[in-house]
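Below: one structure, written as structure tokens.
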Amino acid sequence: MSTAEYRVDLSAPDIAPYRAGNTGIDYATTFDSGKPGPHVMVNAVTHGNELCGAIAVDYLFRNDIRPLHGKLTLSFANVEAYLSFDPANPTASRFVEEDFNRLWSEEVLDGPRDSVELRRARQMRPLIDSVDYLLDIHSMQHPTAPLMLCGPLEKGIALARALKHPEIVVSDKGHAAGKRLRDYRFFADPADPRNALLIECGQHWEKSSEIVALDNALRFLGHYGMIDLETMNSHLSTQELTPQKVIQVTDPVTVKSDSFRFAADYKGLEVIEKKGSLLGHDGDEPVYTPHDRCVLIMPSRRLTKGQTAVRLGRFLD
């Protein structure tokens, strides 16, 4: 799908009123209930052209969603990319210089590199270090059912199951190109109770993605007692829940050459029945499915060397 073929049904909310915040970090606000409890964070625009998270966080601000105990932080991450969003060229503002969601290893954060995104990540890092539970809101290139990416650990799977939404949960290790925010330090430690989820709410600019974003933010807050059941239900759009299915990622396909191409126009969640089926070519090298009933997760159109072309998995349930 070319840029011209993307339909943009969402409008980017004005986030200027949230710039000052109260944390010493622009576009990050923490509400303290004054009562003991966890520090819960809902984060938007890790990628600048993913509008649904900004819409959801803006909604939480405007509707005075505040914690009953502990602390609640509402934040906008890659603001420079977000502020450059142009609905006439909606794919251009994913990031400014590099992917904000591949920077969250200590080696990168403490290393010598510099970029717009790294400066912002380093600025936000002390805040992230204080968070117990994080929901990072994203969306996808293709019209695909929403996905909850919970990481490879049992604690992530358990949290995704506790929310009961969306239907598809993906248990994965992330990307060879770098660590995601949801995989940062203690979130990826099986011995640490702190936890994070990444929700992919559907296609970037479909109207439904904003509903999924807000509903999952509310469920996340309800799960940790930030809001009561009555408040949660009064704002939810999705009341009926479908039994969840968990996909375990078995193989990430990382682009090795300058010319990766898929064998078909995959959109995501296709199930390839037979092991050894041709998926595409990485340069001259064929890429095959590694097992039967192989599920394709988020095939990319950014097929550049070192990046993830697609993740392959199998249903656990």
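The values are calculated or read from the model by the stated rules, or taken from the named source; none is laboratory data. In this text the structure is predicted, and so the values were computed from the model without any measurement. No Cβ is skipped: glycine too gets one built from the backbone with ideal geometry, and neighbour counts run over all protein chains shown. Note: areas computed on protein heavy atoms with side chains; ligands, DNA, RNA excluded. Shrake-Rupley method; radii C 1.70, N 1.55, O 1.52, S 1.80 Å.
Suppose we keep just the DSSP beta bridges with both residues in region 4-92; what percent of those would be antiparallel, to 5?
Bridges in region 4-92 that DSSP calls antiparallel: roughly 45 percent.
Going by alpha carbons, how many degrees (0 to 90, nearest 10) lie between the helix axis of 51-62 and the longest principal axis of the chain?
For 51-62 against the chain, the angle is about 10 degrees.
Using the Kirkwood radius built from alpha carbon pairs, what does the Stokes-Einstein equation give as D for region 1-140 at 10 °C and 1.306 mPa s, in µm² per second?
It comes out at roughly 101 µm²/s.
How large a share of the accessible area of region 1-107, in percent, is made up of carbon and sulfur atoms when the probe is 1.4 Å and the other protein chains stay in place?
With neighbouring chains kept in place, the figure for region 1-107 is 47 percent.
In µm²/s, what is D for region 173-317 at 37 °C and 0.692 mPa s, where D = kT/(6 pi eta Rh) by Stokes-Einstein and Rh is the Kirkwood radius from Cα pairs?
Once the numbers are plugged in, D ends up at 186 µm²/s.
Under a straight-distance cross-link criterion of Cα-Cα below 28 Å, which lysines are reachable from residue 207, leaving out those fewer than 8 residues away in the same chain?
Of all the lysines, those that pass the test against residue 207 - Cα under 28 Å, at least 8 places apart if same chain - are 164, 245, 267.
Over all directions, the average projected area of the alpha-carbon convex hull for the chain comes to how many nm²?
The directionally averaged projection comes out at 15.9 nm².
Give a residue-ordered list of calculated ³J(HN,Hα) values for region 164-172 (Karplus: 6.51 cos²θ - 1.76 cosθ + 1.60, θ = phi - 60°; whole Hz; x for Gly, Pro).
Taking θ as phi minus 60°, the curve returns 6, 7, x, 5, 9, 10, 10, 9, 8 Hz for region 164-172.
Within 11 Å, Cβ to Cβ, of residue 136, how many net charges do the neighbouring residues add up to if Lys/Arg are +1 and Asp/Glu are -1?
-1
What angle, in degrees between 0 and 90 and rounded to the nearest 10, separates the Cα long axis of helix 154-163 from the longest principal axis of the Cα atoms of the chain?
Computed tilt is about 70 degrees.
Who wins for biggest fluctuation among 147, 241, 72 in a Gaussian network model of the chain, springs between alpha carbons below 10 Å?
Looking only at 147, 241, 72, the biggest GNM fluctuation is shown by 241.
Averaged per residue, what accessible area in Å² does region 167-289 show with a 1.4 Å probe, protein chains only?
45 Å²
Counting DSSP beta bridges in the chain, what percent are antiparallel, to the nearest 5? Write down the numbers at each step before the final one.
On the way: 28 of 52 bridges.
Among the beta bridges of the chain, antiparallel pairing accounts for roughly 55 percent.
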